[in-house]
There are 2 protein chains.
Amino acid sequence: MSSEYKALTLETLPERLVTVESISKRVGSNPSNWSVSEIGDGNLNLVFIVKGDIGKLIIKQALPYVRLVGDSWPLTLERAFFEYNALVRQEERDPKRVPAIHYFDRSQGLIAMEYLENYKILRGKLILGEKVSGLAEALGKFCARTAFRGSDFFMKAEEKKADVSLFQNNVELMGITESLVFTDPYFEADRNHHTSGLDTIIKILRDDVTMKENVQHMLRKFTSNCETMCHGDLHSGSIMCTDTETRVIDPEFAFYGPLGFDIGMLMSNYLMAFFSQPGHRTNEIELKDYQDWILEIIDKTIQVFYQEFSYLWKNERTGILYPRALFENQGHDSSEALNHILKESWKDAIAICGIEMHRRCLSLAHNADFEEITDLKVRAKLEARNLLMGRELILNAGSMTEIQTVLKMAKVFNEKDPL
Amino acid sequence: MSSEYKALTLETLPERLVTVESISKRVGSNPSNWSVSEIGDGNLNLVFIVKGDIGKLIIKQALPYVRLVGDSWPLTLERAFFEYNALVRQEERDPKRVPAIHYFDRSQGLIAMEYLENYKILRGKLILGEKVSGLAEALGKFCARTAFRGSDFFMKAEEKKADVSLFQNNVELMGITESLVFTDPYFEADRNHHTSGLDTIIKILRDDVTMKENVQHMLRKFTSNCETMCHGDLHSGSIMCTDTETRVIDPEFAFYGPLGFDIGMLMSNYLMAFFSQPGHRTNEIELKDYQDWILEIIDKTIQVFYQEFSYLWKNERTGILYPRALFENQGHDSSEALNHILKESWKDAIAICGIEMHRRCLSLAHNADFEEITDLKVRAKLEARNLLMGRELILNAGSMTEIQTVLKMAKVFNEKDPL
């Protein structure tokens, strides 16, 4: 391919990519037999499924602007470079959890990757009320392994620093998180929109100085604490599942950040799925059963995360932090240090969880979980529950040391009518 | 000059550097009239004073190894590149506090800079009992200005990230701090040495698991919290003074790290000067007077730091953190957020202070303050006071919210005979 960027189209894709051997050998050498469809439903990129005589794969290409907004909001193609680098690291740190990569072209912002046949976006399944077995195990381990193995607990110091140096250049995508997640919800930002009826709730949030301080303390950690590589956008739209299998996609927002970041954002999106359920089903028994299942998933995910992280602490602590020379080799236990780290990261996760619950209803990119509820009165009521619980999480992150406290709180807010 | 690295010598320096216009125009165009002397007394580099018909300047050149140890410990010449970059930023952030830079040659690891005539290394003055007026104001402001203006409180996010990316490559010098400061003191590291008689004290430190955990929590912040550019080695050997003027030199350990780092290391070196005084003067009145002066300097430095940082918070908060749009522009005060940040950074500073007090008596690079005390029994006693107070600081960093508590503790330990 030419090195000059050109967005692919359904028509140009076969002739442009058939010359790439690692692609044609997986799809087929005759481009006239390729069938191409565009399935990008995200906010940023083109995503094609390509099928040919031999097989299928996904072509993901960055556009030079934010797809959700249009070319009035330019966005670097380099995000594909960071996505590629993140996928490579995630594959190392938790094998087989992300799609296999077959080809990367930096100047075209293009990645060819494994087609996850029969997988659906988790968010869609959560809206439909479909359960996934093994979901919590997969994602609890993914978060723990990528967090631990991307940090100074495990990596060689020079490799960790080189990685931090590299990912600090993912400036534009970190900038999106910095404004859309941490800032815009809390003032009249141009790109904000919200369901009508929420004004009183929004006033409560913006009048809460202590809460806004806590949000900004968390933003400070986002911009300054580069302890491990985070996926950076681990919501239910970045997860694909069958009934029994779970994979993680779309790490273009990857950055070196706080180790509680991914688990907090994930938990947040589960909680939004939980709160939105009454907008998607009316049968009380089905509703309760599925909401309970979501809370179980959260509970189990956190348990698995702790177990796996603790296992890695004991068995793979080869980095410069908390070296064995200072603890085990002197007959001293390091588990109190581990507890301290987990407790601190859990606090961060809770705060991030609350912030994500806010921005998904108030800032630019809303969640389909709420957005697909057509009855605006119902939607506003459910979003209000979600927004107010988010506030409680941000205010009380330090004292909510148990996941059970969070889950009980969700059940309480699920009964409220705050409007 | 050739791009191939070659260490300068007294003999080769004039002919090699006279061809550099920015140097010869400040020294003189006739190299036979140059007089050169080597004054490097640090642990790492060559330092020449060059005098000629027109003027004088300093040539600092990195050696490809650690001078203190010899060529068995290779060390990158690139440290001069980071020193140069740090000096440029410090000059922007606190003008006239660091030497003016006249020339930089990356491949030679060479910086030509202002000769600070009539200035002496502060450590030497502290050993001699000489006072410096304006010392606290100068360094309190330097620490506050570089901390604030090198952070996301002030910088453009993309410039801050580019800077973090750059300085993450200062791997070898950060590695020295990571091992010599945070790790070696707490186990039998090869490069350790200590005054005889301290074994019981060292056992207390190494048996204290909670203290070692706290040290490692701080190392975790050192490797992961890149909130501002720190000098990285701000001890009294990196400060030059006349009786009334103060300048800061030698930032080759510069890194983006916790904003309490420099102030903590500075305070630590003052406290070591304080504890070592009985080894340098016997007149009780002079001793008390000078020790009191050192404590006053610490007190005043911290006050100035807080005042200046708070001033900058109010007047120069142009970065993405704690934006006015969320606070002042909504009629909300941001001073609680500032207090939180200062409190957290102060806790870090206290912990760093204690750790530095340990490593300077137990690890590789000791302080002249203690090292020049020839009576080893006296030296051991004074070092023991220092080591045990360091432990208290590390253990109680979170609760020592007032500088007065630290200063009172210093007076108490100054009376102890721990051996």
**Fill in**
Residues other than residue B:407 with Cβ under 15 Å of its Cβ, Lys/Arg counted +1 and Asp/Glu -1, net out at -1
**Message:** Run through segment A:1-55 and list the trypsin sites (Lys or Arg not before Pro) located in a DSSP loop whose Cβ has at most 14 other Cβ atoms within 10 Å.
**Reply:** A:6
**Request:** Answer rounded, prolate or oblate for the protein assembly as shown, using the Cα gyration tensor with square roots of eigenvalues a ≥ b ≥ c: rounded when a/c is under 1.5, else prolate when a/b is larger than b/c, else oblate.
**Result:** prolate
**Message:** Let me spell out the model: positive unit charges on the Cβ of Lys and Arg, negative unit charges on the Cβ of Asp and Glu, origin at the Cα centre of chain B. What dipole size does that give, in debye rounded to 20?
**Reply:** 260
**Asked** What is the average number of partner chain Cβ atoms found within 10 Å of a Cβ in A:155-161?
**Response** 4
**Message:** Taking the beta-carbon count within 10 Å as an exposure proxy, list B:334, B:151 from fewest neighbours to most.
**Reply:** B:334, B:151
**Unit charges at the beta carbon, dipole of the protein assembly as shown: most positive-side option, B:69, A:373, A:251** = A:373
**In order through segment A:249-258: 3J(HN,Hα) via Karplus (6.51 cos²θ - 1.76 cosθ + 1.60), integer Hz, x for Gly, Pro** = 10, 6, x, 5, 8, 4, 7, 8, x, x
**Item:** Integer Hz, Karplus 6.51/-1.76/1.60 couplings in order for segment B:260-277, x for Gly and Pro
**Value:** x, 4, 5, 5, x, 5, 4, 4, 4, 6, 5, 5, 5, 4, 4, 5, 7, 3
**Asked** Percent relative contact order of segment B:35-114, based on C-alpha pairs within less than 8 angstrom and at least six residues apart?
**Response** 25
**Listed peptides B:119-126, B:248-255 by packing density, highest first (mean Cβ within 10 Å)** = B:248-255, B:119-126
**Fill in**
Under the rule rounded for a/c under 1.5, else prolate if a/b exceeds b/c, else oblate, using alpha carbon gyration tensor axes a ≥ b ≥ c, chain B is classed as oblate
**Complete:** Taking 0.36 nm per residue of separation between residue B:330 and residue B:415 and subtracting their Cα-Cα distance, the length gained on full extension comes to 25.3 nm
**Prompt:** Want the number for residue B:9 to residue B:210: 0.36 nm per residue separation, take away the alpha-carbon distance, what's left?
**Reply:** 67.4 nm
**Asked** Amide H neighbours of residue B:256 under 5 Å, counting only residues 5+ apart in sequence or on other chains, H built in-plane at 1.01 Å?
**Response** B:230
**Asked** From a point 7 Å beyond the Cα of residue A:200 in the direction of its Cβ, which residues of segment A:383-418 have a backbone N at a distance under 13 Å?
**Response** A:384-385, A:417-418
**Prompt:** Taking neighbour Cβ counts within 10 Å as the exposure measure, how do A:296, B:383 sort from fewest upward?
**Reply:** A:296, B:383
**Item:** Percentage relative contact order, chain B, counting C-alpha pairs under 8 Å, at least six apart
**Value:** 17
**Item:** Shielding score for A:321-333, defined as the mean number of other chain Cβ atoms within 10 Å
**Value:** 5
**Fill in**
Once the dipole of chain B is set up from charges on Cβ (+1 Lys and Arg, -1 Asp and Glu), the residue from the list B:232, B:337, B:386 lying farthest towards its positive end is B:337
**Average beta carbon contacts from partner chains per residue of B:206-215, 10 Å cutoff** = 4
**Message:** Less than 13 Å Cβ to Cβ from residue B:194, Lys/Arg counted +1 and Asp/Glu -1: what total charge do the surrounding residues give?
**Reply:** +1
**Request:** On a C-alpha basis, how far is the centre of segment A:3-48 from the centre of segment A:55-123 in Å? Whole number, if you could?
**Result:** 13
**Complete:** Env charge @ residue A:59, Cβ radius under 12 Å, K,R +1 / D,E -1, value +2
**Complete:** If each part is reduced to its alpha-carbon centroid, segment B:314-378 and segment A:260-307 end up apart, in Å, by 41
**Whichever lysines have a C-alpha closer than 20 Å to that of residue A:203, once near sequence neighbours (fewer than 8 apart) are set aside** = A:212, A:377, A:381, A:416
**Message:** Please list, in order along segment B:349-354, the HN-Hα scalar couplings obtained from phi with the Karplus expression 6.51 cos²θ - 1.76 cosθ + 1.60 (θ = phi - 60°), rounded to whole Hz, x for Gly and Pro.
**Reply:** 4, 4, 5, 4, 4, x
**Prompt:** In terms of the Cα gyration tensor, with a ≥ b ≥ c the square roots of its eigenvalues, is segment B:35-114 rounded because a/c is under 1.5, prolate because a/b exceeds b/c, or oblate?
**Reply:** oblate
**Prompt:** By average Cβ neighbour count within 10 Å, what is the ranking of B:218-224, B:68-74 from highest down?
**Reply:** B:218-224, B:68-74
**Item:** Nonlocal amide H pairs with residue A:102, under 5 Å, H built at 1.01 Å
**Value:** A:112, A:113, A:114
**Item:** For residue B:73, residues with placed amide H under 5 Å, excluding near neighbours
**Value:** B:66
**Prompt:** At a Förster radius of 25 Å, what calculated FRET efficiency corresponds to the Cβ-Cβ distance of residue B:192 and residue A:159, to the nearest 0.05?
**Reply:** 0.40
**Asked** Once label points are set 7 Å from the Cα along Cα→Cβ at both residue B:72 and residue A:378, what is their separation, rounded to one decimal in nm?
**Response** 7.7
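Readers should treat all values here as calculations from the given coordinates under stated rules, not as data from a laboratory. Note that the structure is predicted; figures quoted are calculated from it, not measured. So basically every Cβ, Gly included, is an ideal-geometry build from the backbone, and we count neighbours across all protein chains shown.
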